[in-house]
Amino acid sequence: MCPIDKVSDIRRMPRLGKIRLGIKVEPEGKNPYPRATDYFVVPEEIKKIVGNMPKKLNIMFPTEKADEFAQQWLRCYSFTQGLVCK
């Protein structure tokens, strides 16, 4: 089998976890829903480094070209507030 032309050549960073802006609330007898927090919700591996409820994170981008790592579909939109996080 041959690799797909131009797709197999793209190098991607592996996803090791997700940083979230809130938690899932599961009320008894009701459907679960997301609730925003005033801190980042990070994987356990990251909690060991930055603590349980980090309000700031030092980050590093993999390249200088923003269009390579921050496409429009990675933004967070709210039905009532529009663009919430970019």
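Observations, loosely collected:
- Among Met60, Met13, Met53, the ranking by other beta carbons within 10 Å of each residue's beta carbon, starting with the fewest, stands as Met60, Met13, Met53.
- Once the Cα-Cα distance is subtracted from the 0.36 nm per residue extended length, the Ile49 to Glu26 segment shows a gain of 5.5 nm.
Read the figures in this text as sums done on the coordinates, not as results from a lab. No experiment lies behind these values; they were computed from the predicted model shown. Because the Cβ atoms are built from the backbone with ideal geometry, glycine has one as well, and the counts that use them run over all protein chains shown.
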